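Q: Handing you this structure, nothing more for now.
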Amino acid sequence: MGSINNPARPKRVLVIGGGPTGLATLSNLLDLGKDVFERVELVERRDDVGGVWYLDPKPSELPPEQKSKPRWPSPSYPGLVGNVLPEFLSFRNAAFPEPPETPHQPFPTLKETHEYLRKFAEPYIRNGNIRLGHEVISVEELPDEAGWRVKLRDWSNGWNGEQRDEIWDAVVIAVGWYDNPVWPGTEGLDVLREKGVATHAKWWRGPEGCEGKRVLVIGNANSSNDVAAHLAAVAQAPVYRSIRRAAFPGFPSLPDERIEDVAPVRKYYISTPSNNKFDVELENGTLIKDLDRVIVGTGYRPFPAFIHVLSSTDTTKLTPVPLMSEEIKPHRIPSLHRHILYAPNPTLAFTGSTMAYTPFTVNDVASAWLALAWTGEIPYPSTIDGRLYFESERLKAIDDGRKEWAENLEKEGLHENRAVPSSLMQYSVLAAAEEDYAGGLREEVVKARPELGKSVEDGGYPLWNDERRVWRERTYPLKFAALKWARENHVKGGTEI
């Protein structure tokens, strides 16, 4: 088995994924490891950087040579405006420009966010540190600590998917969430999916085609709220929004008499096979009849299925096995120290494996921590068991928190379904732990490189503490006010594409 008990010291590092997390990781590896790493590159399968913030052109707008190539559309949609203020989107030494709509609309649009990321990436693209149009097929751990075999297809510049293999000392995975939408296991939903009347918010591109239709939206987080608001203007009233509990304050939405909140769905029934209309039975016994569409906004999960590692249980097996499986309970990318280093072999790392309120800044400091761990400036446990301790403590904290949540709600006599812990109380969701987690990483980064403890204006990392949490939470009323201003002034937030 290729387990490593000594700290990893890679020289050649590959980053997979050109979204915000991958770009921050590439930048930190090149900057903080410039005297140690011999080669650092990033590969991105799409034809531009930006990840979720890069909205693909419509198929009709693609040039002929692009139409035959595979596409991996972002789950973003026209009209998307972010929920994070510019100061929480700014990478170190790269302030996010103040949106022009300020002060009424201080939240960057999809287009503004993509322009920021593209500008950040341009020097690395010019220097050859970023290769666009490179699809990773698999990452395989090699025996005897010999690195990682990365299999790619090259779709750039007319290569038409030519396959090639590369060997790297270390690999950073900066993808894994938005390819994997979460679907509820509600009875009857699979039938609606097969008939094409149930879709996930991942594929939402606007309300066209829903004019006059009876529509049900599942969930009340950011995407579901946006979808319901878009539908309200064109669909048959009311648009039903099925929710388990009141929305978390971080997901603000405007009251709308055309949107009716209803209980969770117990079962779906096809009522009129000839036109695919369906009924839903809610958990409170209510029946809603003759619906045309259901749009599911129940989020995503990390599942990078392309990673294969040497068995951690049978050291005689030298054939890599999938890192991910459906049997991992609770669901997570397994065996990660600090949500970053793969414990059995810390030359495999993950940035962006968690869901955070402020992912740009959290993953910026996390990738700085990784860079300095690999240069030897930040120590981490030297044994596998030591590196696995973080996971075991995190699992215990999540389990204890979920039990306490459920017990408190059940004591209040709430419906059994509502006593299921919120999706914010998951292993991969930082939620209330964000300040402690990012603050702890920052502390170690600054101990190794004191200059990174300067003010943000002077090129340092921000502080994560209770004051920052309070400052971040002011986002919620600001977002509500921005939504209200946009409605009153008939302003459509958007991509301007």
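Q: Would you mind checking the radius of gyration and Dmax of the range 190-257 based on alpha-carbon positions, in Å?
A: Every Cα atom of the range 190-257 included, Rg and Dmax give 12.0, 35 Å.
Q: Step by step: find N for the range 261-386, compute 2.2 N^0.38 Å, then divide the Cα radius of gyration by it. What's the final number?
A: On the way: Rg = 22.3 Å, N = 126, 2.2 N^0.38 = 13.8 Å.
Dividing the Cα Rg of the range 261-386 by 2.2 N^0.38 Å gives 1.61.
Q: Amide H neighbours of residue 429 under 5 Å, counting only residues 5+ apart in sequence or on other chains, H built in-plane at 1.01 Å?
A: 355
Q: Could you please report the charge total around residue 438, scoring K, R as +1 and D, E as -1 over all other residues with beta-carbon less than 14 angstrom from its beta-carbon?
A: Details: positive: 92, 338, 442, 468, 469, 472; negative: 364, 434, 435, 436, 443, 444, 466, 467.
The answer is -2.
Q: Suppose R0 equals 25 Å. What FRET efficiency, 1/(1 + (r/R0)^6) with r the Cβ-Cβ distance, do residue 269 and residue 233 give to the nearest 0.05?
A: It comes out at approximately 0.30.
Q: For the range 1-101, what percent of Cα pairs sit more than 23 Å apart?
A: Working: 2400 of 5050 pairs.
So the portion of pairs separated by more than 23 Å is 48 percent.
Q: May I pose another question? Under a crude label model (7 Å from the Cα following the beta-carbon direction), how far is residue 470 from residue 167 in nanometres?
A: That separation, rounded to one decimal, is 5.6 nm.
Q: Which entries in 329/403; 111/454; 289/492; 111/202; 119/479 show an alpha-carbon gap greater than 20 Å? Display every interim value, and only then the final one.
A: Working: 329/403 16 Å; 111/454 31 Å; 289/492 32 Å; 111/202 18 Å; 119/479 26 Å.
111/454; 289/492; 119/479, as the Cα separations exceed 20 Å there.
Q: What FRET efficiency comes out for residue 407 versus residue 183 if R0 is 25 angstrom and r is the Cβ-Cβ distance? Round to the nearest 0.05.
A: 0.35
Q: Between residue 397 and residue 119, what is the label-to-label distance in nm when each label sits 7 Å out along the Cα-to-Cβ direction?
A: With each label point 7 Å from Cα toward Cβ, the separation is 3.6 nm.
Q: How much net charge surrounds residue 277 when only the other residues with a Cβ under 11 Å from the Cβ of residue 277 are counted, with Lys and Arg +1 and Asp and Glu -1? Write out the running numbers ahead of the final one.
A: Numbers: positive: 195, 213, 214, 289, 293; negative: 279, 290, 292.
Neighbour charge sum, excluding residue 277 itself: +2.
Q: Which percent of the accessible heavy-atom area of the range 189-261 goes to carbon and sulfur, probe 1.4 angstrom?
A: Details: 1660 of 3310 Å².
The computed percentage sits at 50.
Q: Determine the sum of side-chain charges near residue 378: Lys and Arg each +1, Asp and Glu each -1, restricted to other residues whose C-beta is under 11 angstrom from that of residue 378. Don't skip to the answer; put the middle values down first.
A: Values: positive: 338, 447, 449; negative: 377, 443, 444.
Cβ neighbours under 11 Å give a net charge of 0.
Q: Quick check for you: with a 1.4 Å probe and neighbouring chains kept, what is the accessible area per residue of the chain, in Å²? Spell out each step's value before the answer.
A: Details: 22880 Å² over 497 residues.
Ligands and nucleic acids excluded, the figure is 46 Å² per residue.
Q: Next question, about the same structure. Tell me, in nm to one decimal, what length is gained between residue 389 and residue 485 on full extension, where the rule is 0.36 nm per residue of separation less the Cα-Cα distance? Write down the numbers at each step before the final one.
A: On the way: separation 96, 0.36 × 96 = 34.56 nm, distance 4.83 nm.
Extra length available between residue 389 and residue 485 comes to 29.7 nm.
Q: Are there trypsin sites (Lys or Arg not before Pro) in the range 69-125 that DSSP puts in a loop and that have at most 10 other Cβ atoms within 10 Å, and which ones? Please report the intermediate quantities before stating the final value.
A: On the way: sites: 71, 92, 111, 118, 119; in loops: 71, 92.
The qualifying sites: there are none.
Q: Expressed in nm to one decimal, what extension gain is obtained for the pair residue 193 and residue 443 from 0.36 nm per residue of sequence separation less their Cα-Cα distance? Spell out each step's value before the answer.
A: Details: separation 250, 0.36 × 250 = 90.00 nm, distance 4.74 nm.
Working it through step by step, the gained length comes to 85.3 nm.
Q: Another question, if that's okay. Suppose each label sits 7 Å from its Cα in the direction of the beta carbon; what would the residue 62-residue 284 distance come out to in nanometres?
A: 4.5
Q: May I pose another question? Hey, what angle do you get for helix 222-232 against the long axis of the chain, alpha-carbon based, 0 to 90 degrees rounded to 10?
A: Between helix and principal axis, roughly 30 degrees.
The values are calculated or read from the model by the stated rules, or taken from the named source; none is laboratory data. In this text, all values refer to a predicted model and were calculated from it rather than measured experimentally. No Cβ is skipped: glycine too gets one built from the backbone with ideal geometry, and neighbour counts run over all protein chains shown. For accessibility, only protein heavy atoms count, side chains too; no ligands or nucleic acids. Shrake-Rupley method; radii C 1.70, N 1.55, O 1.52, S 1.80 Å.
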